[in-house]
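A quick write-up on the structure given underneath.
What follows is calculated from the coordinates using simple rules that are stated; it is not laboratory data. Every value quoted in this text rests on a predicted model; they were computed, and no experiment measured them. With ideal geometry, Cβ positions are generated from the backbone for all residues, glycine too; neighbour counts draw on all protein chains shown.
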Amino acid sequence: DGGITQSPKYLFRKEGQNVTLSCEQNLNHDAMYWYRQDPGQGLRLIYYSQIVNDFQKGDIAEGYSVSREKKESFPLTVTSAQKNPTAFYLCASSPRSNQPQHFGDGTRLSIL
Amino acid sequence: GNSVTQMEGPVTLSEEAFLTINCTYTATGYPSLFWYVQYPGEGLQLLLKATKADDKGSNKGFEATYRKETTSFHLEKGSVQVSDSAVYFCALNLNTNAGKSTFGDGTTLTVKP
């Protein structure tokens, strides 16, 4: 079955450490997205990519970085510059049209 | 710009009660509209969609009608169950945005037995 796989499900970060969250899709979608969700809050867009080797900042890109070297993969790095990284991170993908997005099951990041 | 405004939660209902969650939107153009559901600890799942005015999306007993005149897409269900307890998000897409969605803030629904 086609879908989006996020790993790991839980991740812990030490102070001053960079961590990378994985997102892989086999839906053949052109566009991919990263969102941050804080407890009881909505979704905030971090970065998105509409095509391989290209990506744009979303509303809260500071302290994060991404790459899009392959169509099926869009990893997110949470850098040490992100001072409040504890959150639930969601990856999504969609065709480049007005179709809905497909979401992974999320990665929960906590600080040790 | 584009925006989606959802009814503030949380919403608490008894089992078999009628549900309405309001959603209104602002968009430059003719958007497609969606409702997503998020169960605890999971990602969002598409619940239903409508792509043009007067379309009715429906799934699992939930319905929503695309009302262009009132720029609304309210979610309804005639009889809720405990298993419907979740967070519901209203969202829109425009063809010009190449897949990038605008989401509402989400409404938390709790259904008590």
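Shielding by partners for peptide A:90-100, expressed as the average number of C-beta atoms from other protein chains within 10 Å of each residue's C-beta, is 6. Put a dot 7 Å past the Cα of residue B:52, heading toward its Cβ, do the same for residue B:96, and the two dots end up 1.9 nm apart.
Taken along the Cα-to-beta-carbon direction at a fixed 7 Å, the label points for residue B:13 and residue A:57 span 4.2 nm.
In a reduced charge model with +1 at each Lys and Arg Cβ and -1 at each Asp and Glu Cβ, chain A shows a dipole moment near 240 debye about its Cα centre.
With viscosity 0.890 mPa s and temperature 25 °C, the Kirkwood radius over alpha carbon pairs of the stretch B:14-66 converts through Stokes-Einstein to a diffusion coefficient of 193 µm²/s. When a/c is below 1.5 the answer is rounded, else prolate if a/b is larger than b/c, else oblate, so apply that to chain A with a ≥ b ≥ c taken from the square roots of the Cα gyration tensor eigenvalues. In terms of gyration-tensor shape, prolate.
What does the extension gain come out to for residue A:12 and residue A:41, with contour length at 0.36 nm per residue minus their alpha carbon separation?
Gain on extension, residue A:12 to residue A:41, equals 8.3 nm.
Only one residue of B:107, B:37, B:66 has its Cα farthest out toward the positive end of the dipole of chain B, where Lys and Arg carry +1 and Asp and Glu -1 on Cβ, and that residue is B:66.
Give me the log10 of I(q) over I(0) for the protein assembly as shown at q = 0.07, 0.08, 0.14 Å⁻¹, as the Debye formula computes it from C-alpha points; what are the numbers? For the protein assembly as shown at q = 0.07, 0.08, 0.14 Å⁻¹, log10 I(q)/I(0) is -0.22, -0.29, -0.87.
The spacing between the stretch A:35-61 and the stretch B:1-72, judged by their C-alpha centroids, is 22 Å.
Over the stretch B:5-113, the alpha carbon radius of gyration divided by the compact-protein estimate 2.2 N^0.38 Å works out to 1.03. Counting only other chain Cβ atoms within 10 Å of each residue's Cβ, the peptide B:99-110 averages 5. Connecting C-alpha atoms closer than 10 Å in a GNM of chain B, tell me which of B:62, B:18, B:34 has the biggest fluctuation. Looking only at B:62, B:18, B:34, the biggest GNM fluctuation is shown by B:18. Averaged over the residues of peptide A:38-51, the number of Cβ atoms from other protein chains lying within 10 Å of each residue's Cβ is 3.
Highest GNM mean-square fluctuation, chain A, Cα pairs closer than 10 Å: which of A:63, A:16, A:40? Most flexible of the set in this elastic network: A:40.
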